[in-house]
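Below you'll find the structure, written out as structure tokens, and then a few comments.
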Amino acid sequence: MPLSPLSESESPLHNNTNEDTFINPFEISDNVSSADPNITIEPDDVGLSTDNKSQTKAKSPTPKTTTTINIEQTSTSVSGSIGQQTRPYANDTLDEPVSVTILRDLRNVAIKLQQVLNPKGRRDVLKDWDLWGPLILCLSLAIILSFNGPTGQDISIFTGVFVIVWCGSAIVTINAKLLGGAVSFFQSVCTLGYCIFPLVLIAFVNIFTSNIFIRIPLVILALGWSLYASVSFLSASHLANRRTLAVYPLFLFYSVIGWMVFVTGL
Amino acid sequence: MSREEYSVVVEMDDEPTRREELEFQDFSSTSGVGGKISKDKQASSNNDGFNNASFFDSNQSIRNESQGGSYPLWSIEYYARYFDVDTTQVLERASKSLFPKDNFVETVGSNPDLYGPFWIPTTVIFLLFVTATIAKFISDKDSPYDFIILSFGFAAIYTYSFGMPFIVWGALKYFGCSPSLLDTIGLYGYSLTIWLPISIINIIPSDTVRWALVIVGFAISGFFITRNLYPIISRADSKTSRLLLIFVLAAHAAFALLLKFKFFSYQWKPKSD
């Protein structure tokens, strides 16, 4: 009896540490049942949770419920495994510690940033959009620019950069939609937000140099990079003779950010 | 010119049809016929059941049926009809505002767009920010850039290019001239095109050149606006409506002076050591 809660509390831990091995819920249940074959189900704790959770979260039964169900009847856990495979994450994310969640999101952001920097990168990574990356980039750009900007204007610069990045990307997206482009709103905002990454990098480099002849090529390079990375996603949006009209606001958006990156701290 | 417009007509026609295929909407009766009208109407007479269509641009009638007609007011797709322009059309309209020979409202026809009236003022704002900063660096090398230029530019230019059309439209409505709001917005939006080259040339640190250019800019855009508003104003019965032209010109002069003193002056205080 004292063993069973221990094994149950261990099972989500197992889940998190080696993610790859326990994609299949069967394996978890086999492990637990083989380790503790005489496991009995507590009527107050687990029994209740089987009823409630299996209905409310039909998609993803917790490892706890899979173990208990599996001993009684295998058929339910089969349906559970189907539900689990449709989720983007192989494991249950409800029981994991917050640190694991944050780390996984950060890793996703890092993967997307890599793809933006790689000119031949896979654009489909950005289809799974998130706004964390753009937020981090936007905040770091706003902080860099406002710290290096003219004294006394740091608050207005921070606000300005924040507004330009978010409203700008939203307006550029709406513009593309209005012109008849087949783009998804948040996906496009996410892409545009990620594509300011080269400019953020140059803004960081510009802290250390105020030489115009170093800055000009760097900013132009970053601007071209941002534009190239973002335009390639617009190319799929079915704008035959209006591509210029859709791309021009994009150019304006990155140019004004690039200009701010260029002049800050000169 | 007419050949260009014709090619545009053909281009746009396959856009709505593709969209309908995607959305499974039943436009089979309207668009099937409509696709033909736009081409037939050029050649044949208008004695079929579509007499009304001859009052409009053939594009417009079809577009309203297929694009905007079925969408509610709050959806993005509803406003897509105001962005139904090509690159060549936008460039043509912008150049018309630089050389205001023809009637702009007539050239736009029944296809007024909001693309130009939004992106031309936005471009002017950003370009003024860039050129004003460059001119500032020329006049005083050590001074940092001024972010206030950008926020001030946003406030001033958006207010003028979207606020004034509403005032003018309201006044015209009051005098009973039956104006079109989109036309007035388009008029004011496209009239700002002249400030793009002027703001670039005004980097030259000479006050005489700047004054001359501001006067040229005021003259061209002011002539463009009044020239196109006059036919609408003269629809009114009362002669007092002519006063509106004076008001429009006065407001435009005020706007030009604002640009001169805020962006083309660069009277920066020398840095105190």
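The values are calculated or read from the model by the stated rules, or taken from the named source; none is laboratory data. Please read all numbers here as calculations on a predicted model, not as lab measurements. A quick note on method: Cβ atoms are made from the backbone with ideal geometry, for glycine too, and the neighbour counts reach across all protein chains shown.
Taken over region B:155-170, the criterion of being surrounded by fewer than 19 Cβ atoms within 10 Å (Cβ to Cβ), of a type outside the set (S, T, Y) and out of contact with any Gly (no Cβ under 9 Å at 6 or more places or on another chain) is satisfied by B:A155, B:A156, B:G163, B:F166, B:I167, B:G170. Quick check on A:L245: is it within 9 Å of chain B (Cβ to nearest Cβ) and either at negative phi or within 25 Å of the chain's Cα centre (by Cα) (or both)? Answer is yes for this residue. For region A:227-266, name all the residues that are surrounded by 20 or more Cβ atoms within 10 Å (Cβ to Cβ), at pLDDT below 90, closer than 30 Å to A:F208 by Cβ and not aliphatic (A, V, I, L, M). Result: A:S230, A:T264, A:G265.
Taking the stated definitions as given, is B:T122 within 12 Å of another protein chain (Cβ to nearest Cβ), assigned to a helix (DSSP H, G or I) and over 14 Å from the mean Cα position of the chain (by Cα)? So B:T122 does not fit the description; no.
Only one entry in B:I157, B:I185 is without any contact (Cβ under 8 Å) to a residue 40 or more places away in the chain and within 21 Å of B:A250 (Cα to Cα), namely B:I157.
Can you confirm whether A:V261 is in contact (Cβ under 8 Å) with a residue 60 or more places away in the chain, hydrophobic (A, V, I, L, M, F, W, C) and either outside any loop (DSSP other than H, G, I, E, B) or more than 14 Å from chain B (Cβ to nearest Cβ) (or both)? It is true that A:V261 is in contact (Cβ under 8 Å) with a residue 60 or more places away in the chain, hydrophobic (A, V, I, L, M, F, W, C) and either outside any loop (DSSP other than H, G, I, E, B) or more than 14 Å from chain B (Cβ to nearest Cβ) (or both).
Output yes when any residue across region B:139-162 is at the interface with chain A (Cβ under 10 Å from one of its Cβ atoms), assigned to a helix (DSSP H, G or I) and under 18 Å from the mean Cα position of the chain (by Cα), and no when none is.
Quick first cut of region B:139-162, residues at the interface with chain A (Cβ under 10 Å from one of its Cβ atoms) only: B:141-148, B:150-151, B:154.
Next, only the ones that are assigned to a helix (DSSP H, G or I) stay: B:148, B:150-151, B:154.
Keeping just the survivors that are under 18 Å from the mean Cα position of the chain (by Cα) gives B:154.
Within region B:139-162, one or more residues are at the interface with chain A (Cβ under 10 Å from one of its Cβ atoms), assigned to a helix (DSSP H, G or I) and under 18 Å from the mean Cα position of the chain (by Cα).
Selection of first residues in region A:151-168 that are facing chain B (nearest Cβ under 9 Å) and of second residues that are assigned to a helix (DSSP H, G or I) and surrounded by fewer than 17 Cβ atoms within 10 Å (Cβ to Cβ), restricted to Cβ pairs under 8 Å at least 6 apart or on distinct chains, gives the following pairs, ordered by first then second residue: A:Q153/B:I148; A:S156/B:I148. One residue alone among A:L145, A:L139, A:L135 is assigned by TED's automatic domain parsing to the domain that holds A:P198, at pLDDT 90 or above and over 24 Å from A:V263 (Cβ atoms), and that residue is A:L135.
List the helices (runs of 4 or more DSSP H) that sit entirely inside region A:129-194 and contain at least 1 residues that are in contact with a Pro (Cβ under 8 Å, 6 or more places away or on another chain). Don't jump to the end; show me each part of the working.
Numbers: elements: A:132-148, A:154-178, A:185-194.
Result: A:154-178, A:185-194.
Going through region A:195-211 one residue at a time, which ones are in a loop (DSSP other than H, G, I, E, B) and over 17 Å from A:P249 (Cα atoms)? Explain how you work it out, then say what you get.
Residues of region A:195-211 in a loop (DSSP other than H, G, I, E, B): A:195-196, A:206-211.
Listed by number, the residues that qualify are A:N206, A:I207, A:F208, A:T209, A:S210, A:N211.
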